[in-house]
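Report on one structure; see the data block that follows.
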Amino acid sequence: MRRTAQAGLWFGALALSACATTLDPTQRGDVEPEKVAEALAASLAPAAGPVNHLHKPLAFIVADQSGGAAATSHILAVDLETRRLLWSVDAQVLGRMEVGNDVVLFWEPGDALQALDVTTGARRWSRPPPNGATLIGYTTDGARGYAVYQMGSSSRSGSGELVGFSLASGDIDARTPLSAHPGGPSARGGVVA
């Protein structure tokens, strides 16, 4: 495990150094290095702090545990300041998790979006896809969530729907038809792409 972590850090550092070398604007003659350094320092400034409900730095981890005939999965919440486990919940996670202000959002088998409370791990809500639709992707932006669904049984139909909802309740409050082949959404500051 330790060697795997070290290898991951090494490859990450190598990738970053490759990017920094190939994208270094100071290698061009028309750029002032001082201004580039100022811009980089400003752009790399850390965020103001955690924006979750607990106002603490938290990590959410999917852990598979194989034992006997069936494998089980858990979502673990870890307080990064104290390095203590806050909670553990049995869950089958497909894809990735997204963290909003006060919920952890994930996709479970059966195409249902699930929301767990950041503080306790209690299930807040579950939302199946609209009738006949397939979940394509989802994201969070503060207290809001967004999901894109492929409508109909054929991925060739090219129609989809962007759905906006409250992360606290799961209540849908916005629907936008998509005429092109839909992809997973991305959101920040109320802008959804």
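Summary table
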{"read-out": "Residue in segment 170-178 that is modelled with pLDDT of 90 or more and within 25 Å of VAL78 (Cα to Cα) present", "value": "yes"}
{"read-out": "Pick from segment 169-183, criterion out of contact with any Ser or Thr (no Cβ under 7 Å at 6 or more places or on another chain) and outside any strand (DSSP E or B), ranking: surrounded by the fewest Cβ atoms within 10 Å (Cβ to Cβ)", "value": "ALA180"}
{"read-out": "Conditions (1) farther than 30 Å from SER179 by Cα; (2) at pLDDT 90 or above; (3) of a type outside the set (Val, Ile, Thr); number of the one not met by LEU113", "value": "(1)"}
{"read-out": "Failed item, numbered, when GLY142 is tested on (1) open to solvent by less than 50 Å² (accessible area, probe 1.4 Å); (2) under 23 Å from LYS56 (Cα atoms); (3) in contact with a strand residue (DSSP E or B) (Cβ under 7 Å, 6 or more places away or on another chain)", "value": "(3)"}
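The values are calculated or read from the model by the stated rules, or taken from the named source; none is laboratory data. Owing to the predicted nature of the structure, the values given are computational and were not obtained by experimental measurement. No Cβ is skipped: glycine too gets one built from the backbone with ideal geometry, and neighbour counts run over all protein chains shown. In case anyone asks, the SASA skips ligands and DNA or RNA and just uses the protein heavy atoms, side chains included. Shrake-Rupley method; radii C 1.70, N 1.55, O 1.52, S 1.80 Å.
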